[in-house]
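Novice: This is the structure, below, for whatever I ask next.
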Amino acid sequence: MTILRQVRAFFSRPGIAFTGGILCLVLSAWLIRGHAVALRAMREGTLPLLSQTTSLEKRLALLSRQVEATRLSKAAQNGSLEEKLRAYILPAGGTDRAVAVINAAFDALQKAGNAKDIAPLTVGDPSRLPGSGTTLEARPLSVALTVRENGMRDLLAMLDVSGLLTVHDVLVPREKQEFFSVTEVENPSSIVTVGQFLSADLLQYLGDPRGVEERLLAAFPSDTFAGLLHHLSKGETVKNAQTFLAGDIGKVLISQKLWPMPFFTIDRAEAKALTDGWVRLDLTVSAYGRSK
Amino acid sequence: MLEAPTRPTPTQILRGMAVPFFIFSLVLLVLLSLSFTLVLPLFTRVDVGGSQRTAGELRTYVGQLSASVLRVERERDQSILPVAFVAYEDLKADRLAHPSFAGLRVELLRTASALVPEKDAIHVEAVSYDDAARVLSVVGDVRGVGPRSMTVLAEYVDAIAKISGVEVSQPAYQRVDDPEIGMHSPFTLHLTFP
């Protein structure tokens, strides 16, 4: 009864009813706007996101399958590459292999008449590099010699290809990404074959690229993939490495089993032109290894 | 005699309209509220990944999905590495990021010989590189081109500056007379790498 009386009292005051009506209309307008915003968001935001979601979900599933496949194949692999890396490229302590490589290079240049006036090689104290997991050290080696232009090119090419072990090592990040993208599009399950190709011995690949590529081409018979492999085998890094291995120093290093070489980087270099086509070369390089 | 009906005043009209107006507005508000809470979600929610999501939730989901794709992609790239040795990968990446002394020297000499037809007109005497400072210095002179030596030097500097990602310092432009090589413009250039 009290409620009914209050309702009757409310309706008997038209000012209040009018104000209440306007309030209800304002709230209704706000709700209409809410509908419009929600529907516009649906049309402009959700539909494009939906198509993106589908492709992302597909890619995630595909990548997960590839990870699983490579993990299984890794478990079956032996650790020979890692052993080579630890023994030859980043050996623990000492510089005997780095010195042997430089001496072999000087001998090769001298025999070919491309080097003279070789100053004694000096070896500095190692400095530790903070590594991820493994601590590396860099030991400076300083050399000075007079070389012919082609001898210098050979020597500097040696430093550029030092420390490389597999096909993977001559690929730049963009090339690796292209390989993976084509794999995803053409034959995702053959990622293991791509892994085997990337793990192939670089020396073997540089000697006979087609032989190493054959298995990969069988898994990816498309022109796109053939083009990628062609681009890789004709690329600057591979060409430089092939020229180096066919040169005086490369032949000696292979015959003396000094490939793969330790990892070198150039710290300082000066090439000064002398008379009769000779160049005086002063070099300080870092030879890397693992801390003992 | 019938009395003529009196015209209602605006106040009377408003008083008569107040209640129907209120009821209409209230019903409209109730219907819109029901539509907003019960009907609209049926049209604005989508079934993705096994659950109903609004536009905002979908955006979050796509963000999470993109992050997962990047993570698994990195995992795939790592798992395909021939040797799982992070320090070795870092060393290779670092060397790749640094300029190659051999490559740069060849480029400098090639640019010098291609710029002018006269042989050895841009004579590069010494090229030195300091990896810590990431600076390559070139010492030489422009000779055998008569009074054009300074112009040729400026062209050489411009040509070198086109090598990608390199900053070249401007040399002091001068013409010097030498009893052996005649009029020439000696230069020292410093190429800085980022």
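What follows is calculated from the coordinates using simple rules that are stated; it is not laboratory data. This is a predicted model, so every value here is computed, not measured. Here the Cβ is made from the backbone with ideal geometry for all residues, glycine too, and neighbour counts use every protein chain on show.
Novice: Are there GluC sites (Glu not before Pro) in segment A:158-230 that DSSP marks as loop and that have at most 12 other Cβ atoms within 10 Å, and which are they?
Specialist: none
Novice: So, one more: From a point 7 Å beyond the Cα of B:Asp120 in the direction of its Cβ, which residues of segment B:134-149 have a backbone N at a distance under 20 Å?
Specialist: B:138-149
Novice: Enter the angle in degrees (range 0 to 90, nearest 10) between the Cα long axis of helix B:86-97 and the first principal axis of the Cα atoms of chain B, meaning the one along which they spread out most.
Specialist: 70
Novice: Report relative contact order for chain A in percent, whole number only (criteria: Cα-Cα under 8 Å, sequence separation at least 6).
Specialist: Answer for chain A is 27 percent.
Novice: When Lys and Arg each count +1 and Asp and Glu each count -1, what net charge do the other residues less than 9 Å away from A:Ala108, Cβ to Cβ, add up to?
Specialist: Within the 9 Å Cβ shell, the charges total -1.
Novice: What distance in nm separates the two pseudo spin-label positions at B:Thr54 and B:Lys162, each 7 Å out from Cα along the beta-carbon direction?
Specialist: Placing both labels 7 Å along Cα→Cβ, they lie 5.8 nm apart.
Novice: Within the set of other residues whose C-beta is less than 11 Å from the C-beta of A:Lys272, count the net charge using Lys and Arg as +1 and Asp and Glu as -1.
Specialist: Counting the neighbours of A:Lys272, the net charge comes to -2.
Novice: Rank the residues A:His35, A:His231 as a footprinting-exposure proxy: fewest other Cβ atoms within 10 Å of their Cβ go first.
Specialist: By the 10 Å Cβ count, ascending, the order reads A:His231, A:His35.
Novice: Using all Cα-Cα distances in the protein assembly as shown, what percent lands in each 20 angstrom bin from 0 up to the longest?
Specialist: 17, 34, 22, 12, 10, 5, 1, 0
Novice: Shape verdict for segment A:113-244, please, from the Cα gyration tensor: rounded (a/c under 1.5), prolate (a/b greater than b/c) or oblate.
Specialist: Oblate is the answer for segment A:113-244, as a/c is 1.5 or above yet b/c matches or exceeds a/b.
Novice: Does anyone have the angle between helix B:10-34 and the longest principal axis of chain B? Alpha-carbon axes, 0 to 90°, nearest 10?
Specialist: 60
Novice: Below 22 Å, Cα to Cα, which lysines can B:Lys119 reach? Residues fewer than 8 away in the same chain don't count.
Specialist: Cross-link targets: A:Lys272.
Novice: Can I ask one more? Which entries of A:Lys116/B:Lys92; A:Lys84/B:Lys92; A:Lys176/A:Lys239; A:Lys84/A:Lys251; A:Lys84/A:Lys257; A:Lys234/B:Lys162 show an alpha-carbon separation above 23 angstrom in the structure shown?
Specialist: Check vs 23 Å cut-off fails for A:Lys116/B:Lys92; A:Lys234/B:Lys162.
Novice: Moving to a separate point now. Mean-square fluctuation check for chain A, GNM, Cα pairs under 10 Å: which of A:Thr243, A:Thr19, A:Thr54 is largest?
Specialist: Evaluated over chain A, the most mobile residue of the options is A:Thr19.
Novice: With 10 angstrom as the radius, rank A:Asp160, B:Asp77, A:Asp125 by how many other C-beta atoms surround their C-beta, starting from the fewest.
Specialist: A:Asp125, B:Asp77, A:Asp160
Novice: If you average the sequence gap of Cα pairs under 8 Å that are 6 or more apart and divide by the length of segment B:101-192, what percent do you get for the contact order?
Specialist: Relative contact order for segment B:101-192 comes out at 28 percent.
Novice: Would you kindly state the longest site-free stretch of chain B, with sites defined as trypsin sites (Lys or Arg not before Pro) in a DSSP loop (not H, G, I, E, B) surrounded by at most 10 other Cβ atoms within 10 Å?
Specialist: B:1-118
Novice: Next question. Taking 8 Å as the Cα distance limit and 6 or more residues as the minimum spacing, I'd like the relative contact order of chain B as a percentage.
Specialist: Once divided by the residue count of chain B, the mean separation gives 13 percent.
Novice: Related question: Just want the ordering: A:Glu137, A:Glu68, A:Glu82, from fewest to most Cβ atoms lying within 10 Å of their own Cβ.
Specialist: A:Glu68, A:Glu82, A:Glu137
Novice: Can you give the local net charge around B:Lys162? Use residues other than it whose beta-carbon is closer than 13 angstrom to its beta-carbon, Lys and Arg +1, Asp and Glu -1.
Specialist: Surrounding charge for B:Lys162 is -3.
Novice: Determine the shape class of chain B: with a ≥ b ≥ c the square roots of the Cα gyration tensor eigenvalues, call it rounded for a/c under 1.5, and otherwise prolate if a/b is greater than b/c, oblate otherwise.
Specialist: The shape class here is oblate.
Novice: Now a separate question. If I fit a long axis through the Cα atoms of helix A:209-219 and take the longest principal axis of the Cα atoms of chain A, what angle between them do I get, 0 to 90°, rounded to 10?
Specialist: Compared with the principal axis, the helix lies near 30 degrees.
Novice: Take chain B, connect every pair of alpha-carbon atoms lying under 10 Å apart with a spring to form a Gaussian network, then pick out the residue of B:Val166, B:Val46, B:Val127 with the largest mean-square fluctuation.
Specialist: Top of the fluctuation ranking is B:Val46.
Novice: Another one. So the label point goes 7 Å from the Cα of B:Thr9 along Cα→C-beta, right? Which residues of segment A:7-24 then have their backbone N under 18 Å from it?
Specialist: The answer is A:13-16.
Novice: Cut-off 10 angstrom, C-alpha nodes, Gaussian network model of chain A. Which of A:Phe197, A:Phe264, A:Phe18 fluctuates the most?
Specialist: It is A:Phe18.
Novice: Given the DSSP H assignment, sum -39500 (n - 2.57) over each helix run of at least 4 residues in chain A and divide by its residue total; what's the result at 222 nm in deg cm²/dmol, nearest 500?
Specialist: Calculated at 222 nm, the ellipticity per residue is -18500 deg cm²/dmol.
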